[in-house]
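A.B. asks: Structure incoming, see below.
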Amino acid sequence: MESFSFTAEEEVVQKPKIEKTHPYDYDVFVIGGGSGGISAARWAQELGASVALADYVKPSPVGTTWGLGGTCVNVGCIPKKLMHYAGILSEQRTDQKLAGIPIAAEHGDHQWATMVGSV
Ligand SMILES: Cc1cc2nc3c(=O)[nH]c(=O)nc-3n(C[C@H](O)[C@H](O)[C@H](O)COP(=O)(O)OP(=O)(O)OC[C@H]3O[C@@H](n4cnc5c(N)ncnc54)[C@H](O)[C@@H]3O)c2cc1C
């Protein structure tokens, strides 16, 4: 593929035209719709290629599966960060108590199922 160099302004209005020189339906076929696959597909499309993407998620032993987004969005970075944030909230309750700010009794114990459902 030929390489192109545009300024940001030109990029919006001027997309390179890729001349189709093959017998296939798509210029690019991406396997895997995680962070890498989606990014590759978007950039290829930005450069004028016709793109298809296929994602298949093998169910976990308990049958868990998900849609597009791959590991990071569904079972990696994002849920990890949300759970980490939940942990920080819990630590803040301890600090709050040490800072002399009363904690309402109705806060009760941590509810794991609620957190997992929210994440
Ligand atoms: C618990 C955890 C926490 C993480 N936290 C962070 C973080 O904080 N920051 C960070 O930068 N990274 C983090 N990562 C790493 C990050 O998730 C990965 O680097 C990133 O998801 C890799 O992207 P990828 O597109 O290469 O693969 P994936 O996101 O795994 O995507 C691959 C996709 O391809 C699909 N696939 C596989 N085989 C086929 C096939 N034969 N046909 C069709 N589809 C297929 C898969 O089902 C999946 O949807 C974390 C990972 C984990 C597990």
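The values are calculated or read from the model by the stated rules, or taken from the named source; none is laboratory data. The model shown is predicted, which means the values in this text are computed figures rather than measured ones. Because the Cβ atoms are built from the backbone with ideal geometry, glycine has one as well, and the counts that use them run over all protein chains shown.
A.B. asks: Among what's in the stretch 19-36 and is in a loop (DSSP other than H, G, I, E, B) and within 16 Å of the ligand (Cβ to nearest atom), pick the residue that is nearest to C72 (Cα to Cα).
C.D. replies: Per the stated criteria, the residue is G34.
A.B. asks: Something else now. Taking the condition of being of a type in the set (S, T, Y) and at pLDDT below 95, how many residues in the stretch 72-94 meet it?
C.D. replies: 2
A.B. asks: Please find, within the stretch 68-119, the residue that is nearest to L53 (Cα to Cα) out of those that are surrounded by 13 or more Cβ atoms within 10 Å (Cβ to Cβ) and of a type in the set (S, T, N, Q).
C.D. replies: T71
A.B. asks: What number goes with the only condition from (1) modelled with pLDDT under 95; (2) touching a helix residue (DSSP H, G or I) at 6+ places or on another chain (Cβ under 7 Å); (3) not polar (S, T, N, Q) that G34 does not pass?
C.D. replies: Only one criterion is unmet by G34, namely (1).
A.B. asks: Oh, and also: How many of the residues in the stretch 51-71 are at pLDDT 95 or above and either of a type in the set (K, R) or under 21 Å from E19 (Cα atoms) (or both)?
C.D. replies: 3
A.B. asks: Just to be sure before I move on: is S60 closer than 30 Å to V28 by Cβ, of a type in the set (S, T, Y) and within 12 Å of the ligand (Cβ to nearest atom) in the structure I sent?
C.D. replies: Yes.
A.B. asks: Mind listing just one residue for me: the one in the stretch 37-54 that is within 12 Å of the ligand (Cβ to nearest atom) and free of Cβ contacts under 8 Å to residues at least 24 places away in the same chain and, of those, surrounded by the fewest Cβ atoms within 10 Å (Cβ to Cβ)?
C.D. replies: Selected residue: S39.
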